[in-house]
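Some notes on the structure that comes next.
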Amino acid sequence: MMENIVTGPRVDVEPDILSEGCCGSQDCENKSLKFSDLSLEDVRKMNENFIKERNWDQFHSPRNVLLAMVGEFGELSEIFQWKGEVSEGLPELTEDERKHVGEEISDIFIYLVDFASRCHIDLSKAVIAKMAANAKKYPVDKAYGQANKYTDYQ
Ligand SMILES: [Mg+2]
């Protein structure tokens, strides 16, 4: 097990977890990967401790965190830049590239949780509320198999 590098909740994560999961093969039966358990609050606490231990809280204004997250989207986009279309599971990418994708989406996710926290928005509640709102905007009987914008279903 990886040593707990922060003084927050212990999360047992193997270092090679980024390369686990779907193999990326077109023939893979595991098309819908199930995530390991990790709560948004665990991520928030781990990141809070990480930042405090380094005295970086002074730099993490909502604006700065948002811009840092946008920068991470750029880093993720670079992996896909000029490659053409890629399939689910990313079989067109090398193992190193797939690992890099996991690292960059983690950067984005950590900044997203930090941003929500600094905006005093309970991200868990916000996600549940938004999913409920989306279900109303896109009723199954009207939106099934359609790619229209929700205004077409009103
Ligand atoms: Mg990054």
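Bear in mind these aren't lab numbers, they're just calculated from the coordinates by the rules spelled out. None of these values were measured; they are calculated from a predicted model. Note that we place each Cβ from the backbone using ideal geometry, even for glycine, and neighbour counts take in every protein chain shown.
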According to a simple spin-label model (label point 7 Å from Cα along Cα-to-Cβ), what is the distance in nm between ILE79 and GLN146?
3.5
Once the Cβ-Cβ distance between GLU41 and ILE105 is put in as r, and R0 is 22 Å, what FRET efficiency do you end up with, to the nearest 0.05?
0.70
Normalised by the residues of region 29-154, what does the relative contact order come to in percent, with Cα pairs under 8 Å and at least six apart?
31
At 7 Å along Cα-to-Cβ for each site, give me the label-to-label distance between ALA132 and ASP57 in nm.
3.3
Once the piece of chain linking LYS125 and GLU92 is laid out straight, how much longer is it, given 0.36 nm per residue of separation minus the C-alpha distance between them?
8.3 nm
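Can you pick out the pairs among LYS45/LYS83; LYS34/LYS130; LYS52/LYS125; LYS52/LYS130 whose Cα atoms lie more than 29 Å from each other?
LYS45/LYS83; LYS52/LYS130
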